[in-house]
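Notes follow once the structure below has been shown.
Derivation of every value follows stated rules applied to the coordinates shown; laboratory data play no part. Predicted model only: the values in this text are computed from it and were never measured. Here the Cβ positions follow ideal geometry from the backbone for every residue, glycine too, while neighbour counts run over all protein chains shown.
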Amino acid sequence: MLTKAPRGTRDLLPEDCAKWLHVEELFRKICERFGYREIRTPTFEHTELFQRGIGEATDIVEKEMYTFLDKSGRSITLKPEGTAPVVRAFIEHKLFNEPLPAKFFYISPCFRYERPQAGRLREFHQFGVEAFGSPSPSIDVEVIALAVLFLEKLGLSQLKVHINSLGCKRCREDYKKRLNEFLNNKKEFLCETCLVRLDRNPLRILDCKNEGCRKVLESAPVILDFLCDDCRKHFEQVKKELSAVGIKFEVDPGIVRGLDYYTKTVFEIISEELGAQSAVCGGGRYDDLIEECGGPPTPAAGFGMGVERLTLLLESKGLLKIDSWAMDAFIAIAGEEQREYGLRLLYDLRRDGFSAEIDVMGRSLKAQLKYASKIPAKYVFIIGEEEVETGKITVKDLSTGLQEKMTFEEAKALLKKR
């Protein structure tokens, strides 16, 4: 077991890291275009933050959190999602006193104990954005548009935006009562999990994938019919502005998301190529969360996006082809007498921004040349007695096999052209 990663985790080898870095850099660029700045929060938080923020009746809190007692007996949880920690940081550092809206993005590891499947691991990574301070439907549209633009820039085109409104606390309570009445008359058709949810949080039943529950829900009351005037106007404006910026969408009353903190707009961006778990991005508005966590009343909206699932989708469509990495130069020395001279050239190259290596394994010159082609390196700078005496090194182009003598400055100029 010492040589096998724990179930639900994976190693990212150098080739994987290059692909991830490409995606991460694009995400940072798109976020910056929209005025979002990066924030980083701790890997673990006090357990109460997630109990209060996510909701104690959610699957995440009940079944999936990695929670433990530290040496002082405090309950600590590895973060299962990114929003609650950003909310905590916003409150702790009194960022509500800064100009609003306050807009953040993050790239973060998260942890959930669940059955590993394609693109879903126990240690996973999440892209996310959070916008605090504006009640305007324009912010809802902005976070959706940011996600859509990012995915489009990655080359994805066959995506669907599904939206819904969960209303506010007032109109949602009216709906929950009506839904509860409806489902109580259908108990014999519900799965065991939904029977537990019925009394604690009937909205979670809307997210059930059990075939019997899905059939029952076909005739269930729809939350959009219970929206108060303010929530209805908000949702209508969201739809109007999405159309104005050219984003096609579908109203889907079945979207409730898996976290209790959502209010009004919720959305998912769907890819049919990910199997049953087809949402590549999800989010919405959560106007009550900051106050529930101890901050001032502050409207908010955001989204989360799983990096593993996204890269899986990109690779399936051939959209993560990264140029092969190659070192600029390998310095091959004929003998140990030339090492100090070679080291001076090596660190000169590195200081000037080139990638370069020198043999540290005691290989023969022939073996060094063979190793350089395997790294691979673009050029080999060969240094023997003659090169040290004349100040001219032998430069071999590994792509053509051609070699010539030149000064070190000429060799650096050659590297710059490549």
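For segment 238-366, what log10 I(q)/I(0) values come out of the Debye formula at q = 0.13 1/Å, with one point per alpha carbon and no solvent?
Per q value, in the given order, log10 I(q)/I(0) is -0.73.
May I ask which of Lys160/Lys248; Lys187/Lys209; Lys4/Lys79; Lys366/Lys396 have a Cα-Cα span longer than 19 Å here?
The answer is Lys4/Lys79.
Direction-averaged shadow area of the convex hull around the Cα atoms of segment 327-417, nm²?
Averaged projected hull area, Cα only: 5.2 nm².
At 15 Å minimum axial length over the Cα atoms and a Kyte-Doolittle cut of -0.5, report the qualifying DSSP H helices in the chain, or say none.
Qualifying helices, which must be both long enough and hydrophobic enough, are 137-153.
Per DSSP H run of n ≥ 4, the term is -39500 (n - 2.57); total these for the chain, divide by its residue number, and report the mean residue ellipticity at 222 nm rounded to 500 deg cm²/dmol.
The per-residue figure over the chain is -11500 deg cm²/dmol.
Taking 20 °C and 1.002 mPa s as the conditions, I'd like the Stokes-Einstein D for the chain in µm²/s, using the Kirkwood hydrodynamic radius from alpha carbon pairs.
Working: Rh = 25.0 Å.
Using the Kirkwood radius from Cα pairs, D works out to 86 µm²/s.
Highest GNM mean-square fluctuation, the chain, Cα pairs closer than 10 Å: which of Ser324, Ser355, Ser134?
The residue with the greatest mean-square fluctuation here is Ser355.
How do Thr407, Thr390 rank when sorted from fewest to most other Cβ atoms within 10 Å of their own Cβ?
The most exposed by this proxy come first: Thr390, Thr407.
Can you give the % of DSSP beta bridges in the chain that are antiparallel, to the nearest 5?
Of those bridges, close to 80 percent are antiparallel.
Isolated Cys in the chain by the 4.7 Å beta carbon test?
Cys17, Cys31, Cys110, Cys168, Cys191, Cys194, Cys231, Cys281, Cys293
Distance check, please: which entries in Lys63/Lys177; Lys176/Lys239; Lys392/Lys417; Lys153/Lys317; Lys29/Lys94; Lys240/Lys264 exceed 21 angstrom between their Cα atoms? Please report the intermediate quantities before stating the final value.
On the way: Lys63/Lys177 26 Å; Lys176/Lys239 24 Å; Lys392/Lys417 19 Å; Lys153/Lys317 14 Å; Lys29/Lys94 27 Å; Lys240/Lys264 15 Å.
Going by Cα-Cα distance, Lys63/Lys177; Lys176/Lys239; Lys29/Lys94 fall outside the 21 Å limit.
Could you please report the charge total around Asp328, scoring K, R as +1 and D, E as -1 over all other residues with beta-carbon less than 11 angstrom from its beta-carbon?
Residues near Asp328 contribute +3 overall.
Of Thr400, Thr193, Thr41, which has the largest mean-square fluctuation in a 10 Å C-alpha GNM of the chain?
Thr400
Under 16 Å Cα-Cα from Lys19, which aspartates and glutamates qualify once same-chain neighbours fewer than 8 residues away are excluded?
Here the aspartates and glutamates satisfying the reach criterion relative to Lys19 are Asp11, Glu308, Glu315, Asp323.
Report the Cα centroid-to-centroid distance between segment 347-408 and segment 194-209 in angstrom, as an integer.
66 Å
With Cβ to Cβ distances under 9 Å as the rule, what net charge do the other residues near Thr394 carry (K, R +1; D, E -1)?
Spelling it out: positives minus negatives among the neighbours equals 0.
What is the Cα centroid distance between segment 1-59 and segment 214-271, reported in whole angstrom?
27 Å
Which aspartates and glutamates have a Cα less than 12 Å from the Cα of Lys412, not counting those fewer than 8 places away in the same chain?
Reachable aspartates and glutamates: Asp328, Asp348, Asp352.
If you take every residue apart from Ala301 with its C-beta less than 9 Å away from the C-beta of Ala301, what net charge results, scoring Lys and Arg +1 and Asp and Glu -1?
For residues surrounding Ala301, the net value is -2.
Rg and Dmax of segment 22-94, Cα atoms, in Å?
Cα only, segment 22-94: 14.8, 44 Å (Rg, Dmax).
Have a look at the DSSP beta bridges in segment 16-161 and tell me what percent are antiparallel, nearest 5.
Values: 18 of 20 bridges.
Just about 90 percent of them are antiparallel.
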